[in-house]
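These notes are about the structure you will find just below.
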There are 2 protein chains.
Amino acid sequence: MVVHQESAERANRLFHALADATRREIVTLTLTGEQSVSQLARRFPMSFAAVQKHVAVLERAGLVTKQRQGREQRVRGNADALREARRLLDQLADVWRGRIDRIDAILTDPDPGPGPGPGNSENSENSGEHAHASDRHQEEP
Amino acid sequence: MVVHQESAERANRLFHALADATRREIVTLTLTGEQSVSQLARRFPMSFAAVQKHVAVLERAGLVTKQRQGREQRVRGNADALREARRLLDQLADVWRGRIDRIDAILTDPDPGPGPGPGNSENSENSGEHAHASDRHQEEP
DNA sequence: CTGATGTACAACCATCGGGTTGTACGTTAG
DNA sequence: CTAACGTACAACCCGATGGTTGTACATCAG
């Protein structure tokens with residue numbers, strides 16, 4: 001039960017991908033217009049392979065998509081992924097604004113979903129306290 | 001050259017700090033209420049020192065602040081830093097929307113381009129020119 | 001056909017990141 | 001005072017990252 005891994009890892013990949021200036025530039029460039037990998041590579045002071053790796057990281061994070069076209073691989077930025085990242089930030093901020101009661105909801109599941117259906121999950125134990133963080137620790141030696 | 005380093009590294013630190021689930025949780029926890037480091041540490045399945053390091057990373061990124069109080073160190077989340085991160089994301093998105101105004105910090109694109117309707121995508125292989133990227137070998141033969 | 005171009009991928013290397021333990025030190029509780 | 005608590009920090013693993021070079025292969029230009 002440690003914070004829905006899927007969404008947590010998605011967020012990890014997203015922010016990690018954004019935590020590099022080169023990659024942010026690639027996103028910018030490919031948002032304004034498709035670019036082939038070698039076109040991109042020519043713009044940066046590093047090897048083609050290095051840029052290739054950056055693109056791969058961005059792709060795994062969903063920030064760009066690649067599409068074969070002849071012998072080229074066109075890279076296109078994905079604005080939706082940026083929105084996704086923004087959403088995640090907003091969620092944290094919302095917690096601060098007190099607009100959240102189910103903290104573990106945002107920590108575990110990014111989908112607040114429509115109605116707060118009662119039959120949500122089997123979780124929901126410690127509502128009184130917030131954030132059980134990961135609620136497993138304190139072992140006895 | 002290369003994208004103002006100061007702000008670039010700021011962004012690097014911010015996103016890097018956010019690229020870890022434990023750290024995001026710490027931000028959440030400390031946004032809802034101050035917590036001492038050891039209080040935080042008790043909530044996570046890792047050593048005190050590990051949590052200490054996470055807090056340090058968050059602090060360097062400006063996402064939390066520490067304040068001594070007796071023998072405790074109270075950690076408080078900083079919502080402004082989250083806003084800052086959001087601003088950075090919005091900048092990238094704005095490029096895409098063609099609302100570039102201060103893109104200086106992102107890329108020096110002299111091509112205001114035609115109607116940048118959001119529904120572009122099919123754009124063209126814009127001449128590219130100096131995206132400066134990193135101001136080295138970007139010459140077209 | 002041959003050659004240049006664009007990709008993919010493996011191997012390698014140096015550094016960073018996240019985690020651990022251990023130690024030292026100030027502060028608070030008894 | 002002494003003991004427990006909260007913190008800081010160093011030293012140390014080890015896996016992940018970011019970069020390189022080198023090779024292989026497909027596609028496009030002549």
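Values as computed for the structure displayed
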{"quantity": "Those lysines that a straight Cα-Cα span of less than 19 Å connects to A:K53, excepting residues fewer than 8 apart in one chain", "calculated": "A:K66"}
{"quantity": "Cβ-derived FRET efficiency at R0 25 Å, A:D94 paired with B:F48, nearest 0.05", "calculated": "0.25"}
{"quantity": "Teacher prompt: B:S47 distances to equivalent labels in other copies, 7 Å Cα→Cβ, nm", "calculated": "3.6"}
{"quantity": "Potential lengthening between B:E9 and B:R60 on full extension [0.36 nm per residue; Cα-Cα distance subtracted]", "calculated": "17.2 nm"}
{"quantity": "Label distances, nm, B:S36 versus same residue in remaining copies, Cβ-directed 7 Å point", "calculated": "6.3"}
{"quantity": "Proximal charge balance of B:E9 [Cβ under 15 Å; K/R count +1, D/E count -1]", "calculated": "+1"}
{"quantity": "Shielding by partners - mean other protein chain Cβ count within 10 Å, residues of A:28-41", "calculated": "6"}
{"quantity": "From phi via Karplus (6.51, -1.76, 1.60), per-residue ³J(HN,Hα) for the stretch B:60-74 in Hz, x at Gly/Pro", "calculated": "4, 7, x, 7, 9, 10, 10, 9, 5, 7, x, 8, 9, 10, 7"}
{"quantity": "Integer Hz, Karplus 6.51/-1.76/1.60 couplings in order for the stretch A:45-53, x for Gly and Pro", "calculated": "x, 8, 5, 4, 4, 4, 4, 4, 5"}
{"quantity": "For B:R71, label point 7 Å along C-beta direction: distances to other copies, nm", "calculated": "7.1"}
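Rule-based calculations on the coordinates, nothing more; no lab input. None of the values given here were measured: they were computed from a predicted structure. Don't worry about glycine lacking a Cβ; one is built from the backbone with ideal geometry, like all the others, and counts go over all protein chains shown.
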